[in-house]
Amino acid sequence: MDDLNEPRLITENGMASRVGRIVDPIIRSLGYRLVRVKISGLNGCTVQIMAERPDGMMGVNDCEIVSRAVAPVLDVEDPISTAYHLEISSPGIDRPLVRISDFARWIGYDARIEMAVPVDGRKRFRGFIDGVEGEKVAILLPDVAEGAEPRHWLEIRDIQEARLVLTDAVIEESLRRGKEALRAEGIEAGDEDASEPEMAVLPPRAPRPAKPQKKFPASGPKKKDKRH
């Protein structure tokens, strides 16, 4: 499924969620999909926005297109009170999985999942994506105790974070898909072209100055004396 408007079932909280609500419609209007917003203390404060085309690809030019569109809107909306660096990037090879199609596209590959709601008494799973039904994903655990169930069905909406594990198989498949996407655009590429995440970093964004406040004397406005 390569639907531009397919919703994310795994989203952010707090300030990152505010940024996501602002940039999501802008990114979609350009023909891309928002993957994740992350705010970190890197370089003081960095706002990282991951985006991709519906086919899962994202190049440097794509990052620059998105950055030029979202930067001025964030300046106007001003969702972050401190100065920050804005970074637009591809999801990378060990990408976050946030939509049903992300899990379906990577069936058979190794993923690390952390649940917001425990399943069978556990919150962390690492195994192979083994199927998708509706809004559920099956994870097949490679090493389980004898007699234990290796296959677990997880509600995607109850997942706090999910991402691919950087294995040789994932790297090889990512390279293959990257080359296919480039060939579809009439571009020939070597192995290095799809091996690293792409990104565009803008200069630090300064917060807007605070509005001046009216000040009054501590004693308050003077009253006229009334004489009789």
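Among the residues of the stretch 106-141, those that are charged (D, E, K, R) and either modelled with pLDDT of 95 or more or within 20 Å of E12 (Cβ to Cβ) (or both) comprise D110, R112, E114, K123, R124, R126, D130, E133, E135, K136. Does the stretch 136-153 contain any residue that is within 23 Å of Y32 (Cβ to Cβ), of a type outside the set (K, R) and either crowded, with 17+ Cβ neighbours inside 10 Å or not assigned by TED's automatic domain parsing to the domain that holds A51 (or both)? No - not one qualifying residue is present in the stretch 136-153. Looking at V47, V37, just one residue is without any contact (Cβ under 8 Å) to a residue 40 or more places away in the chain and assigned to a strand (DSSP E or B), and that residue is V37.
If you go through the stretch 130-156 and keep only what is of a type in the set (D, E, K, R) and part of a loop (DSSP other than H, G, I, E, B), you end up with E135, D143, E146, E149. Among the residues making up the stretch 1-17, a single one is in contact with a helix residue (DSSP H, G or I) (Cβ under 9 Å, 6 or more places away or on another chain), surrounded by fewer than 16 Cβ atoms within 10 Å (Cβ to Cβ) and closer than 19 Å to I88 by Cα: L4. When L154, L164, L202 are checked against the criterion of being closer than 29 Å to I88 by Cα and at pLDDT 90 or above, L164 stands alone in meeting it.
Scanning the stretch 38-70 for residues that are small (G, A, S) and surrounded by 16 or more Cβ atoms within 10 Å (Cβ to Cβ) yields A51, G56, G59, S67, A69. Just one of the numbered conditions (1) of a type in the set (V, I, T); (2) assigned to a loop (DSSP other than H, G, I, E, B); (3) surrounded by fewer than 19 Cβ atoms within 10 Å (Cβ to Cβ) is not true of V98: (3). Can you spot a residue in the stretch 116-126 that is more than 14 Å from the chain's Cα centre (by Cα), exposed (fewer than 14 other Cβ atoms within 10 Å of the Cβ) and aliphatic (A, V, I, L, M)? Yes: one or more hits. If you scan the stretch 122-135, which residues turn out to be over 16 Å from Q160 (Cβ atoms) and either out of contact with any Leu (no Cβ under 6 Å at 6 or more places or on another chain) or in contact (Cβ under 8 Å) with a residue 60 or more places away in the chain (or both)? I129, G131, V132, E133, G134 - these are the residues of the stretch 122-135 that are over 16 Å from Q160 (Cβ atoms) and either out of contact with any Leu (no Cβ under 6 Å at 6 or more places or on another chain) or in contact (Cβ under 8 Å) with a residue 60 or more places away in the chain (or both).
The values are calculated or read from the model by the stated rules, or taken from the named source; none is laboratory data. What you see is a predicted model, and the numbers here were worked out from it, not measured in a lab. Glycine also receives a Cβ, built like all others from the backbone with ideal geometry; neighbour counts cover every protein chain displayed.
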